[in-house]
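Take this structure first; my questions come after.
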Amino acid sequence: MTTLGFGDVTFSSDAGRLFSILVLLSGVIFMLVLLPFAFIKFFLAPWMEAEARRRAPREVSPDTKDHVIMTAYDDVTAALVERLVTYKRDYVVIVENPEQAGLLSDRGVKVAVGNIDDPDTYKRMRVHEASLVVATNSDEINTNIAFTVREMNENVPIITTANSPHSVDILSMAGSSKVVELADLLARSFANWTMCGNFQANVIGRFDDLVIAETPVINTPLVGKTVAESNLRETVGVTIVGIWERGRPLVPTPDTQITRNTVLLLAGTDNQIASYDDVFSIYQMFQHAGDPVIIMGGGRVGTAIARRFGERDIPFLIIEKNLKKTGDSANIVYGDAADLSTLKRAWIEKAPAALITTHEDATNIYLTKYFRSLRPDLQIISRANLDRNVSTLHRAGADFVMSYPVLGVDAVFSFLTKQDVLMLVEGLTLFRVQAPRILDGVTLADSRIRQDTHCSVVAIKSDGRFIVNPGPSVPITKGSELILIGTYAGERQFFKAYLKA
């Protein structure tokens with residue numbers, strides 16, 4: 001092409017000139033194709049590979065230790081990453097796809113590329129220096145991971161999730177230190193938060209000597225009063241540490257108003273909670289006493305809730321569309337929960353509560369909105385499989401939302417720290433920290449913890465003594481432990497304000 005028309009042979013005929021034009025045009029086209037491919041092969045591709053290696057390394061740095069290794073990036077581990085960052089714990093997420101690893105790295109997630117069933121991967125992740133391995137894949141893959149990690153290290157703790165109760169023993173035999181059945185955790189939370197025919201304080205968690213209980217206030221003299229006017233600390237010794245108003249969590253102030261829809265979160269000892277019941281149970285003649293609770297869905301979570309209700313002699317009915325799913329039982333109503341006739345057969349007019357447990361958030365939102373329109377006074381507890389749908393479920397009318405990812409994170413984090421981090425309900429958490437040095441000798445009133453972080457100190461452990469519901473004049477002694485309640489934002493603010501180091 002470049003020598004055409006020069007040299008000993010030149011075309012003078014029309015056909016020759018036409019041939020020259022074709023050669024010139026085809027040559028230009030070939031050059032336009034060749035040059036970009038040459039640029040991509042010798043310049044762009046090597047640069048992109050180097051950039052990908054930089055964004056998604058295949059090993060952790062040699063000085064990495066006491067870190068958490070995660071074998072998948074899903075809803076549970078995404079929430080766990082956020083919690084680890086808050087507590088300043090190092091971590092790495094193993095991702096098999098380099099492209100996905102690059103995208104996660106761009107979002108600020110610390111990732112490394114590797115095959116989760118390859119022993120060499122865990123060697124490069126410095127598993128012998130890790131504090132925990134977290135496997136949230138399928139039961140079969142988790143079994144493989146447990147075997148693989150145990151091949152590399154016999155001592156590192158391994159926590160795995162189990163979708164089936166039949167997998168628990170298998171995962172334990174494979175080397176898992178702890179197996180978490182998320183469906184069972186979810187069922188336990190549903191059962192604990194359900195109002196079932198009485199208004200006595202329902203114990204939902206314990207923190208050493210500290211007891212956490214929830215109770216509605218409808219029909220009691222507390223309705224219409226502020227937290228300060230309730231005088232619960234003075235009369236029975238309990239402290240109101242949390243409040244829900246139609247699913248909206250609050251850490252109350254003395255001026256917070258108590259309404260008929262309020263559910264109180266109480267902190268105290270066993271005796272103090274019992275004293276509360278002695279005083280207020282006389283007012284609480286619940287109009288739905290003895291009526292069955294409605295459970296939406298007969299899957300793993302629904303049947304686990306039913307099993308817990310059966311142990312506590314709480315009447316219930318399960319609404320299920322699949323005839324083969326739950327078998328023959330007097331406690332099952334077959335039909336569509338969106339069908340009013342089905343709901344009438346499930347006693348929707350008298351049910352004290354409806355538990356929506358399906359694994360589809362869109363279905364849960366739909367049913368929550370429908371049930372709230374049918375029964376404004378009905379207690380509705382819904383399951384959220386994705387964190388982003390929690391607020392939507394609250395807006396649809398759910399009183400409480402049980403977040404699948406957050407329950408998993410709390411179970412993992414409690415195992416990691418060897419401390420109880422109690423997830424009370426979506427939006428509030430109870431956590432334990434070593435008292436910051438800057439608060440040594442400072443009273444609770446002067447610490448400004450509540451004002452600066454919207455968290456409340458519900459107990460102090462000092463010199464072997466456990467002070468439940470400490471008063472504002474109680475000092476924070478050196479080396480003591482604080483147990484606090486607050487929102488997730490408040491928890492992060494506490495760490496930001498007092499534990500900067």
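The values are calculated or read from the model by the stated rules, or taken from the named source; none is laboratory data. Here the structure is a predicted model, which is why all the values come from computation and not from measurement. Reconstructed Cβ throughout: ideal geometry from the backbone, glycine too, with neighbour counts over all protein chains shown.
Given the conditions (1) surrounded by fewer than 21 Cβ atoms within 10 Å (Cβ to Cβ); (2) under 26 Å from Leu430 (Cβ atoms), report the number of the one that Asn364 does not fulfil.
(1)
Find the residue count for the range 436-451, including only residues that are part of a loop (DSSP other than H, G, I, E, B) and surrounded by fewer than 17 Cβ atoms within 10 Å (Cβ to Cβ).
Of the residues in that region, 4 qualify.
Select, from Thr121, Thr71, Thr77, the only residue that is within 20 Å of Val156 (Cα to Cα), surrounded by 13 or more Cβ atoms within 10 Å (Cβ to Cβ) and over 26 Å from the mean Cα position of the chain (by Cα).
Thr121
While we're here: Considering only residues that are crowded, with 24+ Cβ neighbours inside 10 Å and either under 15 Å from the mean Cα position of the chain (by Cα) or at pLDDT 85 or above (or both), which ones fall in the range 379-401?
Ile380, Ile381, Ser382, Arg383, Ala384, Leu393, Ala398, Phe400, Val401
To keep it simple, each residue is scored yes or no on (1) within 22 Å of the chain's Cα centre (by Cα); (2) crowded, with 21+ Cβ neighbours inside 10 Å; (3) not β-branched (Val, Ile, Thr).
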position	(1), (2), (3)
Ala228	no, no, yes
Val238	no, yes, no
Thr253	no, no, no
Arg260	no, no, yes
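Still on this structure: Take Asp336 and tell me if it is in a loop (DSSP other than H, G, I, E, B), under 21 Å from Ser189 (Cα atoms), more than 28 Å from the chain's Cα centre (by Cα) and without any contact (Cβ under 8 Å) to a residue 24 or more places away in the chain.
Against the criterion (in a loop (DSSP other than H, G, I, E, B), under 21 Å from Ser189 (Cα atoms), more than 28 Å from the chain's Cα centre (by Cα) and without any contact (Cβ under 8 Å) to a residue 24 or more places away in the chain), Asp336 does not qualify.
Additional query: Taking Ser189 as the residue in question, decide whether it is closer than 30 Å to Arg300 by Cβ, buried (at least 21 other Cβ atoms within 10 Å of the Cβ), touching a helix residue (DSSP H, G or I) at 6+ places or on another chain (Cβ under 8 Å) and modelled with pLDDT under 85.
yes
To keep it simple, each residue is scored yes or no on (1) within 28 Å of the chain's Cα centre (by Cα); (2) under 21 Å from Arg372 (Cβ atoms); (3) outside the structural domain of Ala213 (by TED's automatic domain parsing); (4) at pLDDT 90 or above.
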{"residue": "Asp278", "(1), (2), (3), (4)": "no, no, no, no"}
{"residue": "Gly297", "(1), (2), (3), (4)": "yes, yes, yes, no"}
{"residue": "Gly302", "(1), (2), (3), (4)": "yes, yes, yes, yes"}
{"residue": "Ala306", "(1), (2), (3), (4)": "yes, no, yes, yes"}
{"residue": "Gly310", "(1), (2), (3), (4)": "yes, no, yes, no"}
{"residue": "Pro315", "(1), (2), (3), (4)": "no, no, yes, yes"}
{"residue": "Leu323", "(1), (2), (3), (4)": "no, no, yes, no"}
{"residue": "Asn331", "(1), (2), (3), (4)": "no, no, yes, no"}
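Let me ask something else about it. Looking at the range 452-501 only, could you name the residues that are part of a loop (DSSP other than H, G, I, E, B), among the aliphatic types (A, V, I, L, M) and more than 29 Å from the chain's Cα centre (by Cα)?
Those that are part of a loop (DSSP other than H, G, I, E, B), among the aliphatic types (A, V, I, L, M) and more than 29 Å from the chain's Cα centre (by Cα): Val474, Ile476.
Same structure, new question: Do we find that Ala135 is crowded, with 19+ Cβ neighbours inside 10 Å, under 30 Å from Ser382 (Cα atoms) and not aromatic (Phe, Trp, Tyr) in this structure?
Criteria met by Ala135.
Conditions tested, residue by residue: (1) more than 18 Å from Val333 (Cα to Cα); (2) charged (D, E, K, R); (3) without any contact (Cβ under 8 Å) to a residue 60 or more places away in the chain; (4) not assigned by TED's automatic domain parsing to the domain that holds Asn261.
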{"site": "Ile356", "(1), (2), (3), (4)": "no, no, no, yes"}
{"site": "Asp361", "(1), (2), (3), (4)": "yes, yes, yes, yes"}
{"site": "Ile365", "(1), (2), (3), (4)": "yes, no, yes, yes"}
{"site": "Asp377", "(1), (2), (3), (4)": "yes, yes, yes, yes"}
{"site": "Ser382", "(1), (2), (3), (4)": "yes, no, yes, yes"}
{"site": "Leu386", "(1), (2), (3), (4)": "yes, no, no, yes"}
{"site": "His394", "(1), (2), (3), (4)": "yes, no, no, yes"}
{"site": "Val401", "(1), (2), (3), (4)": "yes, no, no, yes"}
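Hey, among Leu265, Leu222, which residue is in contact with a helix residue (DSSP H, G or I) (Cβ under 7 Å, 6 or more places away or on another chain) and at negative phi?
Just one listed residue meets the conditions, Leu222.
Also, quick follow-up: Could you check how many residues of the range 201-248 are closer than 22 Å to Met402 by Cα, among the small types (Gly, Ala, Ser) and not in a loop (DSSP other than H, G, I, E, B)?
Final tally of qualifying residues: 3.
Another question, if that's okay. Go through the residues of the range 140-150 one by one and say whether even a single one is in the same structural domain as Ser172 (by TED's automatic domain parsing), surrounded by fewer than 20 Cβ atoms within 10 Å (Cβ to Cβ) and touching a His at 6+ places or on another chain (Cβ under 9 Å).
no
Which one of the conditions (1) closer than 23 Å to Lys461 by Cα; (2) over 23 Å from the mean Cα position of the chain (by Cα) does Gly242 fail to meet, given that it meets all the rest?
(2)
Further question: Go through the range 128-198 and tell me which strands (runs of 3 or more DSSP E), entirely inside it, have 1 or more residues that are touching a residue at least 24 places away in the same chain (Cβ under 8 Å) and among the hydroxyl-bearing types (Ser, Thr, Tyr).
158-161
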